[in-house]
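A quick write-up on the structure given underneath.
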Amino acid sequence: MIKKFAVMALALSVSGCLQYSKIETPPQKVKFTNATAQKNVHAFVKTAIRTNTFTKPNPKPNTLPDAEVTGAVCTLTNKGFRAEVKTPAYLEIPHYKGRADPITVVCRTPEEKVTTVYPAVNLTLQNINSSTASTGGLLGVLIVEATKSVIAASRNPANDVFGYPGIISASFGRAK
């Protein structure tokens, strides 16, 4: 009985997952809108640009989209660059040393337009916090906190690297 329930639950959870199509086109490059933005690039990261939708009307908050939208035209802009892609696509997005501005993503289909903003994330701090995680009890917590303090004191925040998620998506079909 328990095995049947577990198999059924697994089948239901797998069947509800959004399946994305394979991205066939090579990665595109952003067009820089000013020289400073181009000069401060730390690295370019291959990022998937995807669009999706909700097939049921008026989805509840925190509901995940359940269908991919292909062929949407998305424009990505920030103070330093601009790019336009047709989804799904890969885009070589710059990660910056020092700081970075948010990316505004505007995606359109003939029926709908959606705007999403992705703030830049301090990847240096994220790496420090994730690499010093521990489950070693109280002593482990004290060692981790001491290590974080030493790293924070010795690093120069002007050299921190800022970037964006590996997948940028926009969701159509939300209630207005």
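Measuring against 28 Å, Cα to Cα, the residue pairs LYS31/LYS56; LYS29/LYS56; LYS60/LYS97; LYS29/LYS97; LYS22/LYS79; LYS56/LYS79 contain LYS31/LYS56; LYS29/LYS56; LYS60/LYS97; LYS22/LYS79; LYS56/LYS79 as the ones spanning a longer distance. When the surface is traced with a 1.4 Å probe over the full set of protein chains, TYR96 keeps roughly 10 Å² accessible.
Database remark: amide H of PHE81 closer than 5 angstrom to the amide H of THR33 (H placed geometrically; neighbours at sequence offset of 5 or more, or on other chains; Pro and chain starts carry no H). Using a probe radius of 1.4 angstrom, the carbon and sulfur fraction of the accessible surface of segment 54-108 is 51%. For segment 98-112, backbone phi angles converted through the Karplus equation (6.51, -1.76, 1.60; θ = phi - 60°) give residue-by-residue couplings of x, 5, 8, 8, x, 9, 9, 10, 10, 10, 9, 10, x, 9, 8 Hz, Gly and Pro being listed as x.
Taking a ≥ b ≥ c as the square roots of the eigenvalues of the alpha carbon gyration tensor, segment 12-91 is prolate, as a/c is not under 1.5 and a/b beats b/c.
The values are calculated or read from the model by the stated rules, or taken from the named source; none is laboratory data. Just so it is clear, the structure is predicted and the values come from calculations on it, not from any experiment. These accessible areas exclude ligands, DNA and RNA; they are computed on the full protein's heavy atoms, side chains included. Shrake-Rupley method; radii C 1.70, N 1.55, O 1.52, S 1.80 Å.
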